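Chemist: To start, I am sharing the structure in question, which I have written as structure tokens.
Nothing in this text is a laboratory measurement; each read-out follows from the coordinates by a stated rule. Fair warning: this is a prediction, and the values are worked out from it, not measured in the lab. For neighbour counting, all protein chains shown are included, and Cβ atoms are generated from backbone atoms with ideal geometry for every residue, glycine included.
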Amino acid sequence: MKGAVKGTGFSVLLIASISLLLLALASPLQQSPPQKLTQIRAPLIHVKGNHYEVGYQIGTRLKENLLNEVNQLKSRSDWDKLRANGALFLAYSRKHLPEYIEEYQGAADALGIELEELFPTICEELFYPEFFKGCSDLIASGDVTEDGSVLVAHNNDTEPGPVTIIHYQVTGEPEILAVGYGGLGISVGYNSAGISLTGNQVDSTDIRVGVPRMLLVRKILAAKRIGEAIDAAIMEQRASNYNQVIADANGEIYSIEGSATDYEAIYAVDGYLVHTNHYVSPRMRKFELYPNQITGSIVRYNRATRLMKGSLGHITVENLMQFLRDYVNHPYSICRHGEEIKTTFSVIINLTTMKMLLAPGNPCEVEYSEYDFSTKE
């Protein structure tokens, strides 16, 4: 009888322990009611050649979008000031990243306008603090994924725009698959050397004249190794910076929390990394421009961290899709909704298989479609 009683107690204890473990591992998702997802494929353009030729092809293929951007700026009452200030940033860029100024010159020639008219469209520093980008990043190395893949997940929150993919084949650089909004700016991407770039806007107090951060993104994606990508992210002559999330196919993951004059390189010590739109490192917190206006970012950061921690060792592409659809703190959730600012695309890059899944819209509404360097459309 004693043996039977002990056995029963042990069984109850074992069941209770397993239940508690499952509860601890579970990270309950809060999502919108199930609905049929819409299938939308973003337009993909292919460009090939030297920097000038690639720029000319982009200008030709995206002429309507680019001219709309330029004309919107020229209609502003402060256009003359924007153009004059943009010329200061252009001078720094021509000196320190001349190859990408060649790309922009090619685009300007295709549009039939002066480079000084086009350049302000990629110089976000000119409009500070008018612009807003609220993004969420969840990155996992093979140490914590179920099948050993390196997975990079990102939601991009902006004003609605024409989500567009550009496949770059530039002489002397790895091939690049980049996602943007039908212009010269790149939001996220990865290259054939196994380097990915995602990231988040951070609002800093030290913006200055220099190389626009949009050009840093282009330089990062041309890197052939992760150290080279980090060097591009912390270029000394930068005007400002994003939090640049850089990963490679080896599972090396860095969050370069940057401003114009300083940075902190945060390494994914535990095999995963999360970042949103505020400075996390103590070193960088002094640069936070709006420390009382980052609640939404803090909630997304902690929520994403909890979701990732609860799935360590079992993270899959499907997990990340669900995380990117999360509704906690809706409408200011990881899957953000709103009239002016919303999640305009969601992406998951597998650096092991070298494939990208893209949903051009809220991932709770739009199906993910697959792209890679061989996609022809």
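Chemist: With θ taken as phi - 60° and the coefficients 6.51, -1.76 and 1.60, list the Karplus ³J(HN,Hα) couplings across region 182-190 in order, rounded to whole Hz; mark glycine and proline as x.
Modeler: x, x, 7, x, 10, 8, 8, x, 8
Chemist: What three numbers, in Å, describe the spread of the alpha carbons of region 44-127 along their principal axes, ordered from the longest?
Modeler: 36, 29, 20 Å, listed from the longest principal axis down.
Chemist: Same structure, new question: Of the candidates 113, 253, 230, which one comes out as most mobile in a Gaussian network treatment of the chain with C-alpha springs shorter than 10 Å?
Modeler: Checking each option, the largest mean-square fluctuation is seen for 113.
Chemist: Between 0 and 90 degrees, rounded to the nearest ten: what's the tilt of helix 51-61 against the longest Cα principal axis of the chain?
Modeler: Helix 51-61 and the main axis of the chain meet at about 80 degrees.
Chemist: Then there is this: Contact order normalised by length for the chain, with contacts defined as Cα pairs under 8 Å and 6 or more residues apart; what percent is it? Mind showing how you got there, number by number?
Modeler: Values: 814 pairs, mean separation 77.0, N = 377.
Computed over the chain, the figure is 20 percent.
Chemist: In whole Hz and in residue order, list the ³J(HN,Hα) couplings for region 146-156 that follow from phi through the Karplus curve 6.51 cos²θ - 1.76 cosθ + 1.60, θ = phi - 60°; x for Gly and Pro.
Modeler: With the stated coefficients, region 146-156 comes to 5, 10, x, 6, 9, 10, 10, 10, 7, 10, 10 Hz.
Chemist: Angle, helix 98-111 long axis vs. longest principal axis of the chain, Cα atoms, 0 to 90°, nearest 10?
Modeler: The two axes meet at around 70 degrees.
Chemist: With the chain treated as a Gaussian network of Cα nodes joined by springs under 10 Å, which of 219, 81, 133 yields the largest mean-square fluctuation?
Modeler: Top of the fluctuation ranking is 81.
Chemist: How high is the relative contact order of region 48-202, in percent, counting Cα pairs under 8 Å that sit 6 or more residues apart? Please report the intermediate quantities before stating the final value.
Modeler: Details: 224 pairs, mean separation 36.9, N = 155.
Dividing the mean separation by the residue count of region 48-202 yields 24 percent.
Chemist: How long are the three semi-axes of the equivalent ellipsoid of the chain, in whole Å, if each is the root of 5 times an eigenvalue of the C-alpha gyration tensor, listed from largest down? It would help to have the intermediate numbers written out before the result.
Modeler: Numbers: eigenvalues 322, 91, 78 Å².
Each semi-axis is √(5λ); the values are 40, 21, 20 Å.
Chemist: Considering only 210, 112, 199, give the residue with the highest GNM mean-square fluctuation for the chain, with springs between Cα atoms whenever their separation is below 10 Å.
Modeler: So, out of 210, 112, 199, the one fluctuating most is 112.
Chemist: Per residue of region 117-128, what does 6.51 cos²θ - 1.76 cosθ + 1.60 with θ = phi - 60° give for ³J(HN,Hα)? Whole Hz please, x for Gly and Pro, Karplus curve as stated.
Modeler: Taking θ as phi minus 60°, the curve returns 7, 7, 4, x, 5, 10, 9, 4, 4, 5, 10, 4 Hz for region 117-128.
Chemist: I'd like to know which of 266, 305, 289 lies farthest towards the positive end of the charge dipole of region 257-306, counting +1 on Cβ of Lys and Arg and -1 on Cβ of Asp and Glu.
Modeler: 305
Chemist: Sticking with this structure for a sec: Measuring from a point 7 Å past the Cα of residue 318 along Cα-to-C-beta, which residues in region 145-183 have an amide N at less than 19 Å?
Modeler: 145-153
Chemist: While we're here: Please compute the length gained on full extension between residue 44 and residue 95, using 0.36 nm multiplied by the number of residues separating them and subtracting their Cα-Cα distance.
Modeler: Values: separation 51, 0.36 × 51 = 18.36 nm, distance 3.13 nm.
Separation in residues times 0.36 nm, less the Cα-Cα distance, equals 15.2 nm.
Chemist: Could you state the angle between the C-alpha long axis of helix 63-74 and the longest principal axis of the C-alpha atoms of the chain, as a value from 0 to 90 degrees rounded to the nearest 10?
Modeler: Between helix and principal axis, roughly 80 degrees.
Chemist: Residue 286: which lysines have alpha carbons under 29 Å from its alpha carbon, excluding same-chain residues fewer than 8 sequence positions away?
Modeler: 133, 219, 309, 342
Chemist: Which of rounded, prolate or oblate describes region 131-274 when judged by the alpha-carbon gyration tensor and an a/c cut-off of 1.5? Mind dumping the intermediate values first?
Modeler: Working: a/c = 1.36, a/b = 1.20, b/c = 1.13.
In terms of gyration-tensor shape, rounded.
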